[in-house]
Amino acid sequence: MPGQKIRVLIAKPGLDGHDRGAKVVARALRDSGMEVIYSGLRQTPEQIVQAALQEDVDAVGLSILSGAHMTLFSRVVGLLKENQAEDILVFGGGIIPDDDIPKLKEIGVDRIFQPNAHTSDIIDFLKETLHEENH
Amino acid sequence: MDGADTDKATKQTVRKQGSPPNLASKQTPPIYTPEHLSQLDYQRDLGDPGEFPYTRGVYPDMYRGKLWTMRQFSGYGSAKETNHRCKFLLEQGQTGLSIAFDLPTLMGIDSDDPLSEGEVGNCGVAVDSLEDMEILFEGIRLDQVTTSMTVNAPAAILLAMYVAVADKQGVDRAKIRGTAQNDILKEFIAQKEWIYPPQPSMRLVVDSIEFCTKHLPAYNSISISGYHIREAGSTALQELAFTLRDGIEYVEACLRAGMAVDDFAPRLSFFFDSHNNFFEEIAKFRAARRLWAHIMRDRFGAKKEQSRMCRFHTHTSGYSLTAQQPANNVVRTTLQALAAVLGGTNSLHTSSRDEALALPTEEAARIALRTQQILAHESGVPDMADPLGGSYFVETLTSQLEEGAWGYFDKIDAMGGMIQAIEKGFPQKEIQEASYRHQKAVESKEEIVVGVNKCVSDDTLPIKTLHISPALREHQVQRLQTLRAQRNHQAVKQTLSELKGAAQSDQNLMPFLIHCVKEYATLGEICYTLKEIFGAYQEPSF
């Protein structure tokens with residue numbers, strides 16, 4: 001998307017307070033020139049989707065370390081669909097077992113980054129995917 | 001010997017090992033020599049093990065007298081499943097229990113609350129009422145085990161439940177041993193599972209410390225924790241400094257409440273991380289004991305030896321574990337465990353190899369426990385107290401960390417204390433900076449993580465991971481609803497209303513909480529009642 005900054009919502013659904021990863025990712029995306037909104041802790045899927053729509057973001061990054069990802073990620077994806085916003089890219093990270101990744105992809109999560117992923121991988125993923133979509 | 005030069009030189013070595021850049025400087029000494037210790041005074045700075053300032057350990061014979069407690073953190077699913085896992089670990093030779101609670105429990109909400117969806121039983125056991133606690137300890141006499149409960153914002157309520165279980169088992173309260181984590185300050189700083197604002201949160205901590213001092217003399221009323229600060233991304237120095245400064249804050253709060261320092265201080269305990277940098281971690285543990293001894297003697301005038309002793313639990317670093325080549329995590333954990341033992345820990349948790357991926361399986365949990373047992377019974381390491389005492393390098397690092405911590409104490413004192421520092425976002429921002437620097441260093445390969453940014457291979461076999469069934473919440477909710485229907489409604493209402501009244505006064509809340517839980521008021525109901533008086537905490541954005 002030439003001339004236009006990528007807008008990303010980094011959100012923490014669920015009850016865990018582990019925001020180390022979310023904050024590092026938010027800052028790295030910001031440092032790479034994207035506009036980043038960080039939701040703060042313990043947001044419901046409804047709050048996250050509302051923020052994504054209001055802020056007109058290109059992507060939503062969900063961070064969760066509690067194990068509630070299957071339930072909460074699918075709620076976010078479902079709510080985006082209900083609001084005709086399935087064009088918003090959804091990616092996620094946290095403590096997510098290998099077996100869950102194909103299931104999450106099936107429900108519409110575009111990409112999962114496991115522990116030890118590099119922020120540069122996330123940046124490349126967003127730039128490449130959003131760039132392709134716009135051409 | 002020029003002290004300043006030594007300082008600069010040794011600090012550079014610390015940085016090269018991936019440590020806090022605020023210890024960095026330009027020269028690196030290739031070796032450490034007696035000159036580095038020219039300022040060190042054996043009696044003043046070290047002392048024999050068991051002697052002030054306890055740098056070398058809190059007991060004269062350390063592990064020859066008594067091995068550290070092997071305390072594996074566990075808990076998942078329902079109370080029944082966790083009861084089974086606890087009994088399994090006790091049968092395997094574990095000597096103390098350590099209970100993990102699920103997030104709804106940690107946040108003080110019930111399993112049937114809409115916010116609990118997807119979270120019930122996931123990272124710990126679900127406890128909604130005394131009934132769950134009774135199931136959790138079914139067949140385990142509370143005078144036969146020591147139990148560490150990792151819970152903070154609602155710690156006073158879980159402690160009330162534990163006391164109620166002991167009462168029902170006919171166990172003398174004086175024989176209840178263990179620890180409630182109960183450290184709310186590090187929640188505001190790092191782990192972020194809070195309910196109430198700092199002041200009423202501190203009141204709950206002080207009330208429970210006062211109650212323990214009077215009625216549970218063998219119970220560690222608080223576990224002042226650096227683990228979460230470190231895992232949130234701090235350096236070793238920041239972990240050390242913020243944790244002990246939190247300790248100072250609790251001591252001051254108890255003194256303000258009218259307690260005498262030597263009445264409560266012997267039961268304050270600490271909890272640290274053991275991370276990758278082997279010698280820096282050992283030095284951190286030694287510095288913690290020296291610092292706390294001085295703080296308690298010089299700042300608070302504590303007279304009892306026990307009041308001056310920093311006794312601590314150590315947990316090997318969960319963050320350091322990699323999702324890639326997870327079998328390698330056994331080796332990381334072994335080194336971290338060794339550092340904790342060489343640093344004189346009083347109790348230890350070793351992490352399981354699969355924790356970067358999911359909850360540990362029984363097999364992975366067993367290997368983690370075996371790691372400690374090999375260290376204890378085969379390595380010969382426990383035969384000698386503080387075997388690294390006198391090492392030019394370790395003593396220099398110990399002194400540097402101590403000095404760095406005093407620097408942080410001065411800064412935080414100047415802000416008016418830890419609560420004020422938290423309100424300014426000071427420790428939070430320090431940690432965020434350190435964590436971002438670390439991430440950048442890994443990505444630029446300035447810091448190496450084997451299997452992640454070096455020695456990468458694709459040939460790892462997938463390991464089995466443990467999943468929690470979503471049906472668990474349904475069962476838990478059903479049981480909770482049955483309980484709500486069967487209990488004495490009038491008594492629940494009455495005890496909750498008395499609790500509310502007490503919260504508005506300055507009475508100690510513990511006896512009121514015990515009344516509530518014995519009538520099977522739920523955790524969520526109790527926390528909600530207190531929220532009506534105390535309000536809820538909103539984190540300012542930094």
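The values are calculated or read from the model by the stated rules, or taken from the named source; none is laboratory data. Just so it is clear, the structure is predicted and the values come from calculations on it, not from any experiment. FYI the Cβ positions are ideal-geometry reconstructions off the backbone, even for glycines, and counts take in every protein chain you see. The area values use the complete protein model at the heavy-atom level, side chains included, leaving out ligands, DNA and RNA. Shrake-Rupley method; radii C 1.70, N 1.55, O 1.52, S 1.80 Å.
What's the total number of residues in segment B:358-381 that are among the small types (Gly, Ala, Ser), touching a helix residue (DSSP H, G or I) at 6+ places or on another chain (Cβ under 8 Å) and either buried (at least 22 other Cβ atoms within 10 Å of the Cβ) or closer than 15 Å to residue B:467 by Cα (or both)?
So the answer is 2.
Can you tell me which residue is surrounded by the most Cβ atoms within 10 Å (Cβ to Cβ) among those in segment A:97-135 that are within 13 Å of chain B (Cβ to nearest Cβ) and either touching a Pro at 6+ places or on another chain (Cβ under 9 Å) or among the polar types (S, T, N, Q) (or both)?
Across segment A:97-135, the extreme among qualifying residues is A:119.
Is it fair to say residue B:224 is on the phi < 0 side of the Ramachandran plot and part of a loop (DSSP other than H, G, I, E, B)?
Judged against the criteria, residue B:224 is not a match.
Looking only at segment A:37-50, count every residue that is farther than 25 Å from residue B:188 by Cα and either acidic (Asp, Glu) or open to solvent by less than 40 Å² (accessible area, probe 1.4 Å) (or both) and tell me the total.
The qualifying residues number 2.
With the requirement that a residue be of a type in the set (D, E, K, R) and either surrounded by fewer than 23 Cβ atoms within 10 Å (Cβ to Cβ) or facing chain B (nearest Cβ under 7 Å) (or both), what does segment A:8-21 give you?
Listed by number, the residues that qualify are A:16, A:19, A:20.
Which condition number does residue A:85 fail, the rest of (1) touching a Leu at 6+ places or on another chain (Cβ under 7 Å); (2) open to solvent by 30 Å² or more (accessible area, probe 1.4 Å); (3) among the aliphatic types (A, V, I, L, M) being met?
(2)
For segment B:369-376, check the following and say yes or no: at least one residue is touching a residue at least 24 places away in the same chain (Cβ under 8 Å) and touching a strand residue (DSSP E or B) at 6+ places or on another chain (Cβ under 6 Å).
yes
Among B:305, B:355, which is open to solvent by 10 Å² or more (accessible area, probe 1.4 Å), in the same structural domain as residue B:65 (by TED's automatic domain parsing) and within 24 Å of residue B:96 (Cα to Cα)?
Selected residue: B:355, the only one of B:305, B:355 that is open to solvent by 10 Å² or more (accessible area, probe 1.4 Å), in the same structural domain as residue B:65 (by TED's automatic domain parsing) and within 24 Å of residue B:96 (Cα to Cα).
Just one of B:340, B:364 is modelled with pLDDT of 90 or more, more than 14 Å from every other protein chain (Cβ to nearest Cβ) and on the phi < 0 side of the Ramachandran plot; which is it?
Only one candidate qualifies: B:340.
Taking the residues in segment B:327-340 that are of a type outside the set (Ser, Thr, Tyr) and open to solvent by less than 10 Å² (accessible area, probe 1.4 Å) as candidates, determine which candidate is farthest from residue B:86 (Cα to Cα).
Across segment B:327-340, the extreme among qualifying residues is B:339.
In segment A:37-52, what residues are hydrophobic (A, V, I, L, M, F, W, C) and either touching a strand residue (DSSP E or B) at 6+ places or on another chain (Cβ under 7 Å) or without any contact (Cβ under 8 Å) to a residue 24 or more places away in the chain (or both)?
The answer is A:37, A:48, A:51, A:52.
Suppose we keep only residues that are touching a strand residue (DSSP E or B) at 6+ places or on another chain (Cβ under 7 Å) and open to solvent by less than 40 Å² (accessible area, probe 1.4 Å) within segment A:22-36. Which one would you say is farthest from the other protein chains (Cβ to nearest Cβ)?
A:34
Each row is one residue, and each column tells you yes or no for (1) surrounded by fewer than 18 Cβ atoms within 10 Å (Cβ to Cβ); (2) assigned by TED's automatic domain parsing to the domain that holds residue B:228.
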site	(1), (2)
B:421	no, yes
B:425	yes, yes
B:432	no, yes
B:438	no, yes
B:448	yes, no
B:451	no, no
B:454	yes, no
B:457	yes, no
B:465	no, no
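Considering only segment B:163-179, state which residues are among the β-branched types (Val, Ile, Thr) and part of a loop (DSSP other than H, G, I, E, B).
B:171, B:176 - these are the residues of segment B:163-179 that are among the β-branched types (Val, Ile, Thr) and part of a loop (DSSP other than H, G, I, E, B).
Within the bounds of segment B:259-271, is there any residue that is closer than 27 Å to residue B:172 by Cα and in a loop (DSSP other than H, G, I, E, B)?
Yes, segment B:259-271 has at least one match.
Return a yes/no flag: does segment B:532-541 have any residue that is more than 22 Å from residue B:107 (Cα to Cα) and more than 14 Å from every other protein chain (Cβ to nearest Cβ).
Looking through segment B:532-541, none of the residues is more than 22 Å from residue B:107 (Cα to Cα) and more than 14 Å from every other protein chain (Cβ to nearest Cβ).
Could you list all residues from segment A:22-46 that are within 12 Å of the chain's Cα centre (by Cα) and closer than 21 Å to residue B:230 by Cα?
Residues satisfying the conditions are A:22, A:25, A:26.
Only one of these conditions is not met by residue B:465: (1) within 12 Å of another protein chain (Cβ to nearest Cβ); (2) hydroxyl-bearing (Ser, Thr, Tyr); (3) free of Cβ contacts under 8 Å to residues at least 40 places away in the same chain. Which number is it?
All conditions pass for residue B:465, except number (3).
Could you list all residues from segment A:52-74 that are within 14 Å of chain B (Cβ to nearest Cβ), under 13 Å from the mean Cα position of the chain (by Cα) and either farther than 19 Å from residue A:27 by Cα or of a type outside the set (A, V, I, L, M) (or both)?
A:63, A:69, A:72, A:73, A:74
Inspect all residues belonging to segment B:199-210 and state whether any of them is in a loop (DSSP other than H, G, I, E, B), in contact (Cβ under 8 Å) with a residue 24 or more places away in the chain and either closer than 24 Å to residue A:19 by Cα or open to solvent by 20 Å² or more (accessible area, probe 1.4 Å) (or both).
For segment B:199-210, residues in a loop (DSSP other than H, G, I, E, B), in contact (Cβ under 8 Å) with a residue 24 or more places away in the chain and either closer than 24 Å to residue A:19 by Cα or open to solvent by 20 Å² or more (accessible area, probe 1.4 Å) (or both): absent.
Criterion first (away from every other protein chain (no Cβ under 14 Å), in contact (Cβ under 8 Å) with a residue 12 or more places away in the chain, under 19 Å from residue B:153 (Cβ atoms) and open to solvent by 10 Å² or more (accessible area, probe 1.4 Å)) does residue B:73 satisfy it?
The answer is yes for residue B:73.
Could you list all residues from segment A:47-71 that are more than 23 Å from residue B:232 (Cα to Cα) and modelled with pLDDT under 95?
Matches in segment A:47-71: A:70, A:71.
In segment B:120-139, is there at least one residue being farther than 23 Å from residue B:470 by Cα, of a type in the set (Phe, Trp, Tyr) and touching a strand residue (DSSP E or B) at 6+ places or on another chain (Cβ under 9 Å)?
Scanning segment B:120-139, I find at least one residue that is farther than 23 Å from residue B:470 by Cα, of a type in the set (Phe, Trp, Tyr) and touching a strand residue (DSSP E or B) at 6+ places or on another chain (Cβ under 9 Å), so the answer is yes.
In segment B:423-437, which residues are within 23 Å of residue A:25 (Cα to Cα) and touching a residue at least 12 places away in the same chain (Cβ under 8 Å)?
Of everything in segment B:423-437, those that are within 23 Å of residue A:25 (Cα to Cα) and touching a residue at least 12 places away in the same chain (Cβ under 8 Å) turn out to be B:425, B:426, B:427, B:428, B:429, B:430, B:431, B:432, B:434, B:435, B:436, B:437.
Would a scan of segment B:475-483 turn up a residue that is modelled with pLDDT under 95, loosely packed, with under 15 Cβ neighbours inside 10 Å and either more than 12 Å from chain A (Cβ to nearest Cβ) or within 25 Å of residue A:100 (Cα to Cα) (or both)?
No: zero hits.
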